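Here is the structure we will look at.
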Amino acid sequence: MTVKAEAGQPKKQAMDAEDMRSYREAMTGDKFTVADAYLFTVLRWSTRVNIDLGKWPNVKAYVDRVAARPKVQETMKAEGLIQ
C-alpha cells in the first residue's frame, strides 16, 4: 500500500498535537515511554524541513522538556547532535 502525503500534512498533524494539550511530563501521561523518545526524534526533524515549532507552543514546550532530560542530553552528546 502506498500512502501519499498531502501538502501541509505535517503542519496539520502538529496543530492536532497542539490541540491535545495533554502533555505533562510525557506524551501519554506522567511516565516517559518509548513513544516520547520517538515523537521527540520526529519533532526534532522539523528544523531540517523548515517547520518552526514555535507556532505550536505546547509542542515546542514538550520538545524542550524532553531535550532537557539528562539521558536525552547524554545521548545527543554521544551522537554528536549537541556539544
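Throughout, read-outs are computed from the coordinates displayed, never taken from laboratory work. What you see is a predicted model; the values in this text were computed from it and never measured. Please note: Cβ atoms are built from the backbone with ideal geometry, for glycine as well, and neighbour counts cover all protein chains shown.
What the table below lists for this structure:
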{"quantity": "Euclidean distance between Cα centres, the range 23-43 to the range 51-82, Å", "calculated": "11 Å"}
{"quantity": "Simple label model, 7 Å out from Cα along Cβ direction - D30 to Q73, nm", "calculated": "2.4 nm"}
